[in-house]
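Chemist: Below is a structure I'd like to ask you about.
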């Protein structure tokens, strides 16, 4: 079994039902949730969005809202001034250019205020079931540690991972996120519990060396 297949098999066995942990009943609500999740945990976002979407659930709702009210609701997410501003600009752009409908292509999504490649690909994968790899800090760390890529730029890493895995990339994204969140953690990774040690660049070059010294 080659390295790619070992990674896929292991991640599938450990996280068989992995999926995005953000909530949102519509594509627009999910997009807003992803924007709010920047520098914030999914758990905290999910605690806030029920209140937010009870008052403002569509682009039309947001452009009529008082920005201060939106800021007060999303304050616990952090960076609430910029996030509220982007949600307002996003809502205007969706109405003006896309008839209030969230587009389903990478270029169109990335043309929206506050939407970079990672956010766009999370939406494309979860909402539109596209075969894309969104790269957050977990995926970036794990893919470099495993030696799949040698790339610190998330957007470039995303393209490389899509070429490497080819199929079921969207499912692998969620598994890589959970793997990085709970096993291959930034601090004190649980290498002894991981069955990928034999093919892990990080374990070979860092952890194993430190154990021998």
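Chemist: Quick check: the angle from helix 117-126's long axis to the longest principal axis of the chain, C-alpha only, nearest 10 degrees?
Modeler: 90
Chemist: At 7 Å along the Cα-to-beta-carbon direction for both residue 47 and residue 198, put a label point, then send me their distance in nm to one decimal.
Modeler: Simple spin-label model gives 4.3 nm for this pair.
Chemist: Same structure, new question: At 222 nm, what value in deg cm²/dmol follows for the chain if DSSP H runs of at least 4 each add -39500 (n - 2.57) and the sum is divided by all its residues, to the nearest 500?
Modeler: Values: 12 runs with 124 residues, N = 213.
Dividing the helical sum by the residues of the chain leaves -17500 deg cm²/dmol.
Chemist: Another question, then. Would you mind estimating how fast the range 118-213 diffuses translationally, via Stokes-Einstein at 20 °C and 1.002 mPa s with the Kirkwood radius over Cα pairs, in µm²/s?
Modeler: Answer from the Stokes-Einstein relation: 156 µm²/s.
Chemist: Working from Cα positions, state the angle (0 to 90°, nearest 10) between the long axis of helix 154-165 and the longest principal axis of the chain.
Modeler: For 154-165 against the chain, the angle is about 60 degrees.
Chemist: Taking a quarter of the surface of the convex hull around the Cα atoms of the range 27-126, what do you get in nm²?
Modeler: Answer in nm², one decimal: 5.5.
Chemist: If you average the alpha carbon positions of the range 81-122 and of the range 146-203, how far apart do those two centres end up, in angstrom?
Modeler: Comparing the Cα centres of the range 81-122 and the range 146-203, I get a distance of 28 Å.
Chemist: Also: Starting from the exponent 0.38 and prefactor 2.2 Å, build the expected Rg for the range 75-176 from its residue count and divide its actual Cα Rg by it.
Modeler: Ratio of Rg to 2.2 N^0.38 Å for the range 75-176: 1.17.
Chemist: If I compute P(r) over Cα pairs in 10 Å bins from 0, in percent from the structure I just sent, which labelled value in (1) 8, 34, 36, 18, 3, 0; (2) 8, 33, 31, 19, 8, 2, 0; (3) 8, 28, 29, 20, 11, 5, 1 lines up?
Modeler: Only one listed value fits the structure, namely (2).
All of the numbers you see were taken from the coordinates with simple rules; none came from a lab. This is a predicted model, so every value here is computed, not measured. Virtual Cβ from ideal backbone geometry, glycine too; neighbours counted across all protein chains shown.
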